[in-house]
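Colleague: Once you've had a glance at the structure underneath, I'll fire off some questions.
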């Protein structure tokens with residue numbers, strides 16, 4: 001049995017009620033280091049709520065969320081980001097009128113203070129990090145392109161890059177391939193496989209073919225509880241999962 005300290009994320013007995021309705025119900029969930037973990041489940045299963053709880057957007061009613069052994073439930077959203085948790089929402093929040101380079105530069109953690117980010121110079125160290133990140137997200141040839149001109153998929157990658165440049169130890173992505181072309185999905189699968197080598201990645205996704213491509217481990221949520229967890233094959237063959245989710 002792993003001791004708590006081995007996990008990037010350890011969620012125990014997590015519950016959140018909205019007006020008596022338990023959106024997340026006594027959830028226990030563990031995420032290993034360098035693990036790419038996908039959470040699936042029908043709409044209303046509590047998937048996005050779990051991400052909201054981890055990043056502090058929603059406060060839990062009870063339970064514990066430990067990230068690298070730090071208790072997140074006591075921290076503000078801002079402190080959680082600073083602790084090393086990055087989250088991409090469903091709609092990309094990039095600066096459309098800035099270039100790819102400027103978007104990445106704005107996200108660079110200059111001493112994490114406003115004064116720091118106002119005073120920065122484009123040092124060689126910063127540029128190196130920007131170039132490295134741009135090549136990871138397949139936008140090395142588009143550094144001078146205005147973000148608004150990128151394809152839908154490239155905008156999603158840019159946003160992932162804006163998180164990566166902050167070097168989070170946990171990266172959370174909500175439906176990263178929604179609306180992407182087939183080729184962009186394949187490239188995104190490669191990208192996620194690559195970035196999970198140095199950090200833990202938690203993904204919510206509906207596209208089962210995509211899940212199969214990326215998931216080390218899959219958890220199926222249903223009505224705020226875990227219905228099943230394991231590798232893709234185990235989960236796909238689980239009678240409960242077939243009945244509740246895959247049978248539709």
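The values are calculated or read from the model by the stated rules, or taken from the named source; none is laboratory data. Treat the numbers as computed from the prediction; the structure is a model and nothing was measured. Note that we place each Cβ from the backbone using ideal geometry, even for glycine, and neighbour counts take in every protein chain shown.
Colleague: Taking the residues in region 162-189 that are touching a residue at least 40 places away in the same chain (Cβ under 8 Å), over 12 Å from the mean Cα position of the chain (by Cα) and buried (at least 20 other Cβ atoms within 10 Å of the Cβ) as candidates, determine which candidate is farthest from residue 210 (Cα to Cα).
Modeller: Checking each candidate, the answer is 165.
Colleague: A follow-up question, please. Checking residue 168 against (1) within 30 Å of residue 243 (Cα to Cα); (2) outside any helix (DSSP H, G or I): exactly one of these is not met. Which one?
Modeller: Checking residue 168 against (1) within 30 Å of residue 243 (Cα to Cα); (2) outside any helix (DSSP H, G or I), the one that fails is (1).
Colleague: I need the strands (runs of 3 or more DSSP E) fully contained in region 1-100, keeping only those with at least 1 residues that are on the phi < 0 side of the Ramachandran plot, surrounded by fewer than 21 Cβ atoms within 10 Å (Cβ to Cβ) and at pLDDT below 95. Break it down stepwise before answering.
Modeller: On the way: elements: 7-18, 21-32, 36-40, 62-67, 85-88.
Here the list reads 7-18, 21-32, 85-88.
Colleague: Sticking with this structure for a sec: Every residue in region 42-57 that is within 16 Å of the chain's Cα centre (by Cα) and touching a residue at least 24 places away in the same chain (Cβ under 8 Å), please.
Modeller: Hits for region 42-57 are 46, 47, 48, 49, 50, 51, 53, 54, 55, 56.
Colleague: Collect the residues in region 191-248 that are over 21 Å from residue 52 (Cβ atoms), over 19 Å from the mean Cα position of the chain (by Cα), assigned to a loop (DSSP other than H, G, I, E, B) and in contact (Cβ under 8 Å) with a residue 24 or more places away in the chain, keeping them in residue-number order.
Modeller: 248
Colleague: If you check residue 138 against the conditions, is it assigned to a loop (DSSP other than H, G, I, E, B), modelled with pLDDT of 95 or more and either surrounded by fewer than 16 Cβ atoms within 10 Å (Cβ to Cβ) or in contact with a helix residue (DSSP H, G or I) (Cβ under 9 Å, 6 or more places away or on another chain) (or both)? Break it down into steps so the answer makes sense when it comes.
Modeller: On the way: assigned to a loop (DSSP other than H, G, I, E, B): yes; modelled with pLDDT of 95 or more: yes; either surrounded by fewer than 16 Cβ atoms within 10 Å (Cβ to Cβ) or in contact with a helix residue (DSSP H, G or I) (Cβ under 9 Å, 6 or more places away or on another chain) (or both): yes.
In short, yes.
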